[in-house]
């Protein structure tokens, strides 16, 4: 018989990446951004609840339903060949809702799902005033997620927001309970220093916990700016940049609109834009037809870049 040399599935590939090194995981807020992330050479994509909420004009307080998030995440995951992890916030409710979420995201083509231990009326992990559910309730959610998956390689990431609520020791104790419940990876949110990240990793190692650790390197939060290399030295295998692409994109759009309103032309912005050809190339769309519309005139800056 001919041996089967088929490529690993996206779920298998996610596990391989988290087991063999430290990987930067940028956030995508739509499929086009995910394609850019893949094209830039990244090996994982993250679908952030905060980014998807913002792209819909909503704050990150758990307003997006499971159905809506599964639809958005499916579009993103199917646009790329690399694995995608989805932010499932609090799991959309009790353990029964978590089971449904796992199955929805598996059908949608995601490679892993993250759930957190905040109450359902959640907040951004780097804001004050968060409220946690009891450990036993989160343990039940993790167990439900593990039992619900049909693909045993689908990765369940357990996030704890306990650091800024009850302290680092509480975050460590919660993380240990979540691993015992079957979590495949741990995500301690909003740690305050490199030392705290190191302590968290060391405490996991001391008791024989060797699941991958994931750090959130979001901007303007409680965590200091550490590089991927620094996180690697502290024992972390994944580093999220969940809203970075969205923040840069929205700032660029804001600046363009201000200048367009003032000058009445986008001409000075052409060097900051993808040309039609570049966008088509990114979309893998071949079109040899001449562009339609107003003919280019001699000296028109588009002649050099379109």
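The values are calculated or read from the model by the stated rules, or taken from the named source; none is laboratory data. The model shown is predicted, which means the values in this text are computed figures rather than measured ones. Cβ: placed from backbone, ideal geometry, glycine included. Neighbour counts: every protein chain shown.
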Test residue 87 against the stated conditions and say whether it is within 25 Å of residue 223 (Cβ to Cβ) and modelled with pLDDT of 95 or more. yes
Does residue 33 satisfy the criteria of being modelled with pLDDT of 95 or more, surrounded by fewer than 16 Cβ atoms within 10 Å (Cβ to Cβ) and under 30 Å from residue 283 (Cα atoms)? no
Enumeration of residues in the stretch 136-152 that are in contact with a strand residue (DSSP E or B) (Cβ under 9 Å, 6 or more places away or on another chain) and surrounded by fewer than 23 Cβ atoms within 10 Å (Cβ to Cβ): 146, 149
Conditions (1) within 27 Å of residue 281 (Cα to Cα); (2) part of a helix (DSSP H, G or I): number failed by residue 46: (2)
With respect to the numbered conditions (1) touching a residue at least 40 places away in the same chain (Cβ under 8 Å); (2) closer than 23 Å to residue 221 by Cα; (3) not in a loop (DSSP other than H, G, I, E, B), which one is the sole condition not fulfilled by residue 75? (2)
Looking only at the stretch 118-125, decide whether some residue is part of a helix (DSSP H, G or I) and either surrounded by fewer than 19 Cβ atoms within 10 Å (Cβ to Cβ) or under 20 Å from the mean Cα position of the chain (by Cα) (or both). no
Looking at this structure, is residue 57 surrounded by fewer than 17 Cβ atoms within 10 Å (Cβ to Cβ) and either assigned to a loop (DSSP other than H, G, I, E, B) or out of contact with any helix residue (DSSP H, G or I) (no Cβ under 8 Å at 6 or more places or on another chain) (or both)? yes
Looking at the stretch 141-156, is at least one residue closer than 15 Å to residue 175 by Cβ and in a strand (DSSP E or B)? yes
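Residues are listed down the side, and each one gets a yes or a no for (1) part of a helix (DSSP H, G or I); (2) within 27 Å of residue 49 (Cβ to Cβ):
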| site | (1), (2) |
| --- | --- |
| 226 | no, yes |
| 231 | yes, yes |
| 235 | no, yes |
| 240 | no, yes |
| 246 | yes, yes |
| 251 | yes, yes |
| 255 | yes, yes |
| 261 | yes, no |
Of the residues in the stretch 182-199, those that are farther than 24 Å from residue 221 by Cβ and surrounded by fewer than 18 Cβ atoms within 10 Å (Cβ to Cβ) come to 182
Has the stretch 163-181 got any residue that is at pLDDT 95 or above, in the same structural domain as residue 44 (by TED's automatic domain parsing), under 26 Å from residue 34 (Cβ atoms) and surrounded by 19 or more Cβ atoms within 10 Å (Cβ to Cβ)? no
Hey, does the stretch 166-184 have a residue that's within 24 Å of residue 245 (Cα to Cα) and assigned to a loop (DSSP other than H, G, I, E, B)? no
Pick from 240, 202, 256: which is over 17 Å from residue 21 (Cα atoms), in the same structural domain as residue 56 (by TED's automatic domain parsing) and either surrounded by fewer than 16 Cβ atoms within 10 Å (Cβ to Cβ) or under 16 Å from the mean Cα position of the chain (by Cα) (or both)? 202
Selection from the stretch 126-135 of residues in a loop (DSSP other than H, G, I, E, B) and either closer than 19 Å to residue 196 by Cβ or touching a strand residue (DSSP E or B) at 6+ places or on another chain (Cβ under 6 Å) (or both) yields 126, 127, 128, 130
Being under 26 Å from residue 30 (Cα atoms) and in contact (Cβ under 8 Å) with a residue 40 or more places away in the chain: is that true of residue 243 here? yes
When you go through 297, 290, 230 one by one, which is the residue that is modelled with pLDDT of 95 or more and either in the same structural domain as residue 34 (by TED's automatic domain parsing) or farther than 22 Å from residue 40 by Cβ (or both)? 230
Residue count, the stretch 94-117, condition out of contact with any helix residue (DSSP H, G or I) (no Cβ under 8 Å at 6 or more places or on another chain) and either surrounded by 24 or more Cβ atoms within 10 Å (Cβ to Cβ) or touching a residue at least 60 places away in the same chain (Cβ under 8 Å) (or both), comes to 2
